[in-house]
Amino acid sequence: MIEIRGLTKRYGDRTAVDDLTVTIRSGRVTGFLGPNGAGKSTTMRVVVGLDRPTAGTVLVDGRRYADLPAPLRAVGALLEARSAHPGRTARDHLRLLAATAGLPRSRVDAVLDLAGLTAVADRRVGVFSLGMGQRLGVATALLGDPATVVLDEPVNGLDPDGVLWIRTLTRRLAAEGRTVLVSSHLMSEMAVTADHLVVLGRGRLVADAPTDDVLRQAGGSSVRVRSPRAVELVDLLAGEGVVLDSPERGLVEVRGLPAAEIGDRAARAGIALHELTPVSASLEEAFMDLTRDEREYRTDAPQEVLA
């Protein structure tokens with residue numbers, strides 16, 4: 001478990017994290033979201049002791065990172081995939097870390113296999129692609145078989161197979177009872193990976209809730225209805241709090257009524273329905289709604305492209 005209490009981090013006159021209090025619990029994947037400059041990476045750096053907080057405390061299983069007797073065994077982190085020396089092979093990079101932490105060499109082979117790098121383990125890291133570098137970063141994070149795993153943008157540069165691998169891996173780690181904190185800008189992936197979401201904006205906490213709750217609270221859910229009698233259906237469904245739109249002939253998008261109620265009304269009126277599909281707001285829509293006023297970099301207005 002990661003406990004963050006009143007965390008503030010300033011760089012000169014800039015506040016990167018502003019009085020953040022949140023608990024990252026074990027046994028679930030927590031998605032860490034926010035616009036660029038929201039303070040996610042800074043928070044992760046404080047968790048693993050790379051930055052000192054200006055105020056507040058961050059504890060991993062009840063201890064500051066600096067006080068952990070075996071940090072690599074307690075916390076595994078991917079914060080910068082290209083942190084390995086380019087002249088070393090992937091195997092040597094991991095062996096050096098294992099020796100420093102007093103880990104058996106068998107862990108090196110285990111994480112190389114886990115990351116799908118066994119076949120390229122004796123290549124120099126400098127020739128690795130971005131995706132291979134990400135896989136090595138994840139292997140490094142898991143080298144100590146840690147109870148807490150912190151991954152900053154782990155799917156960056158990965159192909160679809162690699163993205164699926166990260167999704168499966170993080171969910172398996174959580175199922176084993178570990179604490180898993182994952183940041184990403186890939187909303188579609190977070191929607192199917194994260195059990196819980198922590199959202200930052202300008203260094204402040206914007207949301208801390210289960211993923212399903214964030215989607216529900218964001219609103220925007222609707223029902224797609226197709227019918228050969230769509231005009232009559234619009235009249236039938238119209239009422240206070242109901243928003244109806246007909247983007248094309250025979251199709252009605254309904255907000256403010258559940259699918260069951262729409263189906264019941266149509267049945268009583270003898271109106272045939274060819275489609276009745278609930279459509280939930282996407283995590284991307286929910287995220288944009290939550291952070292609408294919390295973005296440091298905005299591109300709301302179209303800009304001319306100069307030739």
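Just so it is clear, none of the values below were taken in a lab; they were calculated from the coordinates. All figures in this text were calculated on a predicted structure; none of them were measured in a lab. Note that we place each Cβ from the backbone using ideal geometry, even for glycine, and neighbour counts take in every protein chain shown.
So here's what we get for this one:
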quantity: Number of the exception - Gly177 against (1) within 20 Å of Thr30 (Cβ to Cβ); (2) touching a helix residue (DSSP H, G or I) at 6+ places or on another chain (Cβ under 8 Å); calculated: (2)
quantity: Region 159-177, subset surrounded by fewer than 19 Cβ atoms within 10 Å (Cβ to Cβ) and charged (D, E, K, R), residue farthest from Asp195 (Cα to Cα); calculated: Asp159
quantity: Some residue of region 151-164 being under 16 Å from Arg28 (Cβ atoms) and touching a residue at least 12 places away in the same chain (Cβ under 8 Å); calculated: yes
quantity: Some residue of region 210-226 being surrounded by 16 or more Cβ atoms within 10 Å (Cβ to Cβ), among the aliphatic types (A, V, I, L, M) and over 30 Å from Asp152 (Cβ atoms); calculated: yes
quantity: Residue ranges of helices (runs of 4 or more DSSP H) in region 90-203 with at least 3 members under 27 Å from Leu50 (Cα atoms) and not β-branched (Val, Ile, Thr); calculated: 90-101, 106-114, 130-141, 160-175
quantity: Scope region 242-262; condition touching a residue at least 12 places away in the same chain (Cβ under 8 Å) and not β-branched (Val, Ile, Thr); matching residues; calculated: Ser246, Arg249, Gly250, Leu251, Glu253, Arg255, Gly256, Leu257, Pro258, Ala259
